[in-house]
Amino acid sequence: MISKNLTAASTKAIILGILKQGNSYGYLIIKKIKKMSGGKMEYSDGMLYPVLHRLEKDGLIQSNWTMSEDTRPRKYYEITEAGKQALLEEKEQWLQVNTVLEKLWNLKPDTNY
Amino acid sequence: MFDLEKALTLWLRSFRKYRAFDHGAIREMELHLRDHMDDLLAEGHSEQQAFEMAVAEFGEISPMADEEFSNIKSKTTISSLIHTAMFKNYSKVSIRSLMRNPLNSFINIFGLSVAIGLAIFVYAYIQWVHKTDQFHENKEKVQLVTFFADRDGSSQQFAKTPRPLAEMLKNDFSNIEKVCRIEDRNVVVKHEDNVFHEGVRFTDPEFLEMFTFPLKWGTAASLKDMNSIILSEKMSVKYFGEENPVGRDILLKFDETRSKAFKVAGVAQKFPVAHTIDFNFLINFENLRISAPEYDFHDWNQFVNATFIQLAEPADITSLEQGMEKYKLIQNKAVDKDWAISSFGFEPLATLHKRSGDIRDGIARNSADNLKSIYFLSFVVAFMLILACMNYINIAIVSSTKRLKEIGVRKTIGASRKVIIIQFLTENIVVTSFALLLGVLIGFFLFIPWFEGLWGFSMGFSFTDPTLWIYLSAILLFTALISGSYPAFYISSFKVTGILKGSLRFGQKNPLTKLLLGFQLVLACIFITAAVTFSLNTNYLSKRSWGYDNRQALFLTVPDYAGFEKMKAVLGQDPSILSISGSEHHIGKSHATSILKKPDRQFEVDQLSVDANYFQTMGIDLSEGRVFKEDYESDKNKIVVNETFVSSLGLKDPLGELYKIDTLEYEIIGVVNDFHSYSFSEIIKPGIFKLADKKDYIYLSLRVVPGSERETYKAIQATWIQLYPEIPFDGGYQEAVWGNYYEQIAIHAEVWQVFAAIAILLACLGLYGLVTLNVAGRVKEFSIRKTLGAGVKNIAINVSRQYIILFSLAIVIGAPISLYLMKLIFSLSYRYHVPITYEIIVISVAILVLVFLLTISTQIRKVLVSNPVEGLKVE
């Protein structure tokens, strides 16, 4: 199980990543995250919404209510250009963390020690 | 039995406890839960199980609320404001509300844009004035040499310099890089059939290095060559058309006997519009030896028109100033002590245009008047902008009554005061932006071409100027804030309960509205008074007597006394010529300056050397004594003075008074009425007439029989061409000598008329808007009055009562202020002007009243013709 803090820290990147693949709404986003993490990321569903709202406020995503005859109304989120940029930065940062960790794991024990 | 809807409602209600969740967010969560339950139901869970699982997975509400609340708190940062769609929304709303109230929008946008158009015009003017001479690369290093001397008890600055000074400066100071002298002479220029009188500049070759006048053709260094001449572009076109004249010959006739052929060696590019120093023809300074063999280059007693120096560093000027003392001693030793100088000084080229108004005998045009105009114009524009903003404030406040419900509803569904303020400011920025756009167009296509057309020049205004954009943004911000903030704060302060209960009646009786309208009327009063005064003044000055009879008087210049006699002999036979006179100076054209001495004091006076016929020919009336006799010898030590001379010297019995000029003693034999030698903008100075030595005659003036001016003028020209085919005719009607002065003052009047028209327009727009809104808000009242039998009078009084009081008050305040301001402006701008009295104010007030009545009467008429039945049906 992935810790709460780590989950929280990665939410932004994950949401942006999902939206990059196409517009989506809250419930669907959560469903995708759960599916992709194989249930390893523990979420309380509700916490997703403040994050979405914050991203919208920061101009990284934008929303649109879609009404249709046959389904419920949905508030669809869409990634903006600024959002795509932010996603690139996030990716960069996560990769850097990853690189550091990988180097560490591959390090042989120091013989002089 | 499990009731899903009830459970959901209860669950959602727990969200509503938190302010952080707005309606949209709660709806979003409800939909989430329903979606989730759908999935769980599909997996085979019961409805209750599905609900409980979904709620559990959704998590606790309070941490969500905390998160969401921190989002809201950060809502007020400007960047987040811009990122939201709010502005887009507000802009849309404001454009719609603009379309809904076309009249109000027109008043606001048009008023603001006229004021902004004016602001852009003033900007163009200011940048033009400040650009003057700034194209010279060495403008900080090049300095004009001047000197100070006491004249009539005050220290004055002169732009000319003793002739040998330039060369000595160059030799004595190592930090002076370049020196150039300038001497101007009038010559006759001849190329093939083109023969004209022209001004030629004799100067040192450094001239073109010190001043930045790039050449279109030829080389600047050719000025070193004694036989080269450099033309301005204008002269090149005048003599050679569009072709390149380099290498062509051009003849300069210095006088009757001396002339010299020059080779065109260069043509300057067109001079930038804003400049103080230029040239038509440039030739090497040494040519003075040919044109004027008597010209003494080493005489400290003689002056050269101007000397410019170029320093290695602008800061070197301090050491130079200290070193000038010895030249002062040399100079003062050489000249008569009356002309002693007190010190030498320097004026940098960069600021010369601002200063040269105070420098006597300067060769540079000055922009002191322009700088003065800048202050006037800036004031006018500031007031116009304020007027337009006031219109906006008034209309916004009054029309807010129409929008009370909108504001009420907005507030009820949760808009905070801040949001309302932002909404109104956004609306205002939209309006101002429209106005700015329209204003730029008005300024660029209307005001600037109008003004350039008036004065016949181009201000070189362009949209590529970066400071223009800063200025425009500043105007946008200024007008948006000034006009928008008060209404925004005022309207947003309305209490919802009051609005919705209908107990609020804001707007119509707001004291600030009254105050602003009153202020507008005062301003309008001032502008109208200005326009009236300037118009009257133009009329007054055009009728003002010049003090002598300039009608039926003609003049021409002659090469010398022989020429005078030749012309006189021919013209003397013309029966329509009543008298002929010869002179060394001529009214409106030239004079000398003399210093008159008494044992205890001395005075500087204007001196005209004329013959005995001059007074009769020019129509100068004698008030006392006699004029000169024909006999030169008997009257050569006599003078005739003007009245200003007598009054400024406080003479009781001027006849017989003796004065010394240089070393000779002169006696006053007559006093003539005062007359204007130059334009009315120059004060009449104490003046004397002396008998001219015949050999100095260069002017021939004549008086003709009324009605024959045109024929005689033509006859004189014909005679001239016969006698002097080589020399172009130079003369004219005496009336036309200062003809362009009338044009100038007429322009002043026109400019102020335009300003007044704009001010009246703005005030009327404001008034019209207010009255319209007021009447619209009282439809029911007027309908009832009409039903009960109110007549024209009653309605008229009811509509206009509050405005009449305000209007009267505005006039009571505005009239004395206008009068005071006019006195101030006119004493600053004119030496002689129309007396400023209450009659002018009466005319202005009458105009204002008329316009005011017209404005109000449109609304009274509207009420009168309206059907009270319709009026009562409203709401």
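The values are calculated or read from the model by the stated rules, or taken from the named source; none is laboratory data. Not measured: the values here are computed from a predicted model. Here the Cβ positions follow ideal geometry from the backbone for every residue, glycine too, while neighbour counts run over all protein chains shown. The accessibility values were calculated without ligands, DNA or RNA, using every heavy atom of the protein model including side chains. Shrake-Rupley method; radii C 1.70, N 1.55, O 1.52, S 1.80 Å.
Based on the Cβ-Cβ distance from B:Asp278 to B:Thr318, what FRET efficiency comes out when R0 is 45 Å, to the nearest 0.05?
Once rounded, the FRET efficiency stands at 0.90.
Order of B:593-600, B:425-432 by packing, highest average Cβ count within 10 Å first?
Ranked from most to least packed, the peptides come out as B:425-432, B:593-600.
Can you tell which of A:Thr11, B:Ala592, B:Ala220 lies farthest toward the positive end of the dipole of the protein assembly as shown, using +1 and -1 charges on the Cβ of basic and acidic side chains (Lys, Arg; Asp, Glu)?
A:Thr11
Whenever you get a sec, compute what percent of the accessible area on the stretch B:142-366 sits on carbon and sulfur atoms (1.4 Å probe).
Accessible surface attributable to carbon and sulfur in the stretch B:142-366 totals 48 percent.
Nearest 100 Å² is fine: what is the total accessible surface buried where chains A and B meet, probe 1.4 Å?
2200
Quick check on chain B: helices-only [θ] at 222 nm, where DSSP H runs of length 4 and up contribute -39,500 (n - 2.57) each and the sum goes over total residues. Nearest 500, please.
Estimated from H runs of four or more residues: -17000 deg cm²/dmol.
If I model the protein assembly as shown as equal point scatterers sitting on the Cα atoms and use the Debye formula, what is log10 I(q)/I(0) at q = 0.04, 0.07, 0.08, 0.10 Å⁻¹?
-0.38, -0.86, -0.98, -1.24
Pairs B:Lys652/B:Lys694; B:Lys139/B:Lys260; B:Lys598/B:Lys636; B:Lys638/B:Lys714: which exceed 27 Å Cα-Cα?
Check vs 27 Å cut-off fails for B:Lys652/B:Lys694; B:Lys139/B:Lys260; B:Lys638/B:Lys714.
If each of B:Thr593 and A:Ser68 carries a label point 7 Å out from its Cα toward its Cβ, how far apart are those two points in nm?
9.4
How about B:Lys873: which lysines have a C-alpha closer than 21 Å to its C-alpha, ignoring those fewer than 8 places off in the same chain?
B:Lys402, B:Lys405, B:Lys501, B:Lys780, B:Lys786, B:Lys862
Could you work out how far apart the two model spin labels at B:Ala415 and B:Lys862 are, taking each label as a point 7 Å from the Cα in the direction of the beta carbon, and quote it in nm?
2.6
Quick check on packing: order A:14-23, B:781-790, B:106-115 by the mean number of other C-beta atoms within 10 Å, highest mean leading.
Averaged packing, sorted descending, gives the order B:106-115, A:14-23, B:781-790.
Under a cut-off of 20 Å between alpha-carbon atoms, report the aspartates and glutamates in cross-link reach of A:Lys20, not counting same-chain residues fewer than 8 places apart.
A:Glu56, A:Asp58, A:Glu78, A:Glu81, A:Glu89, A:Glu90, A:Glu92
Once the other residues with Cβ under 11 Å from the Cβ of B:Glu624 are scored (Lys, Arg +1; Asp, Glu -1), what is the net sum?
-2
In the stretch B:835-873, which residues have a backbone nitrogen under 18 Å from the label point lying 7 Å from B:Val812's Cα in the Cα-to-Cβ direction?
Of the residues in the stretch B:835-873, B:842, B:845-846, B:849 have backbone N under 18 Å from the label point off B:Val812.
Sort largest first and round to whole Å: the equivalent ellipsoid semi-axes of the stretch B:142-366, each the square root of five times a Cα gyration tensor eigenvalue.
32, 19, 16
Suppose we compare each residue of the stretch B:26-53 in its chain alone and in the full protein complex with a 1.4 Å probe; which ones drop by at least 10 Å² of accessible area?
Relative to the lone chain, where solvent access is computed with a 1.4 Å probe, the stretch B:26-53 loses at least 10 Å² at B:Arg27, B:Glu28, B:Met29, B:Leu31, B:His32, B:Arg34, B:Asp35, B:His36, B:Asp38, B:Asp39.
With the Cα gyration tensor of the stretch B:553-736 in hand, give its eigenvalues times 5 under a square root as the equivalent ellipsoid semi-axes, listed largest first in whole angstrom.
Result for the stretch B:553-736: semi-axes of 31, 17, 15 Å.
Under the definition of partner shielding as Cβ atoms of other protein chains within 10 Å of a residue Cβ, what is the mean value for peptide A:50-62?
Counting Cβ atoms of other protein chains within 10 Å of each residue's Cβ and averaging gives 5.
Principal axis lengths of the stretch B:663-742 from Cα atoms, whole Å, largest first?
43, 35, 24
How high is the relative contact order of chain B, in percent, counting Cα pairs under 8 Å that sit 6 or more residues apart?
14
Here is the link list: A:Lys57/B:Lys411; A:Lys40/B:Lys6; B:Lys17/B:Lys495. Which ones come out longer than 27 Å on Cα distance?
Going by Cα-Cα distance, A:Lys40/B:Lys6 fall outside the 27 Å limit.
Among B:Ile429, B:Ala159, A:Ser68, whose Cα projects farthest towards the positive end of the dipole of the protein assembly as shown, with charges put on the beta-carbon of Lys, Arg (+1) and Asp, Glu (-1)?
Going by the Cα projections, it comes out as A:Ser68.
Could you please put B:Lys543, B:Lys216 in sequence from largest to smallest accessible area, using a 1.4 Å probe?
Greatest to least solvent exposure: B:Lys543, B:Lys216.
Using a 1.4 angstrom probe and counting only protein chains, how large is the accessible area of B:His130 in Å², to 10?
So the heavy atoms of B:His130 present about 90 Å² to solvent.
At a Förster radius of 41 Å, what calculated FRET efficiency corresponds to the Cβ-Cβ distance of B:Thr219 and B:Asp693, to the nearest 0.05?
Once rounded, the FRET efficiency stands at 0.35.
Once the mean 1/r over all distinct Cα pairs of the stretch B:4-76 is inverted, what Kirkwood radius in angstroms do you read off?
It works out to 13.0 Å.
FRET efficiency for B:Phe69 and A:Glu42, Cβ-Cβ distance as r, R0 = 25 Å, nearest 0.05?
According to the calculation, E is roughly 0.60.
Within the set B:Lys566/B:Lys690; B:Lys328/B:Lys685; B:Lys238/B:Lys372, which residue pairs have Cα atoms separated by over 27 Å?
Cα-Cα > 27 Å for B:Lys328/B:Lys685; B:Lys238/B:Lys372; rest within.
Hey, for a label at B:Ser46 modelled as a point 7 Å past Cα toward Cβ, could you say which residues of the stretch B:1-36 have their backbone N under 13 Å away?
Zone members listed by number: B:1-4.
Given B:Ala763, B:Phe451, B:Val869, which one lies farthest toward the positive end of the charge dipole of chain B, if we put +1 on the Cβ of every Lys and Arg and -1 on the Cβ of every Asp and Glu?
Result: B:Val869.
Relative to the Cα centre, what is the charge dipole magnitude of the stretch B:142-366, using +1 at the beta carbon of each Lys and Arg, -1 at the beta carbon of each Asp and Glu, and rounding to the nearest 20 debye?
In total the dipole reaches around 220 debye.
May I ask you to give the solvent-accessible area per residue for the protein assembly as shown, in square angstrom, as obtained with a 1.4 angstrom probe?
It amounts to 49 Å² per residue over the protein assembly as shown.
Which parts of the stretch B:722-752 would a label at B:Leu251 reach, counting a residue when its backbone N lies under 19 Å from a point 7 Å out along Cα-to-Cβ?
From the stretch B:722-752, the list is B:722-730.
Assign one of three labels to the stretch B:687-809, namely rounded, prolate or oblate, based on the Cα gyration tensor with a ≥ b ≥ c the square roots of its eigenvalues; rounded applies when a/c is under 1.5, prolate when it is not and a/b is larger than b/c, and oblate otherwise.
Cα axes put the stretch B:687-809 in the prolate bin.
Plugging the Kirkwood radius over Cα pairs into Stokes-Einstein for chain B, at a temperature of 37 °C and a viscosity of 0.692 mPa s, what D comes out in µm²/s?
For these conditions, the coefficient is 95 µm²/s.
Report B:Arg27's accessible area, 1.4 Å probe, all protein chains in place, as a number in Å² to the nearest 10.
80
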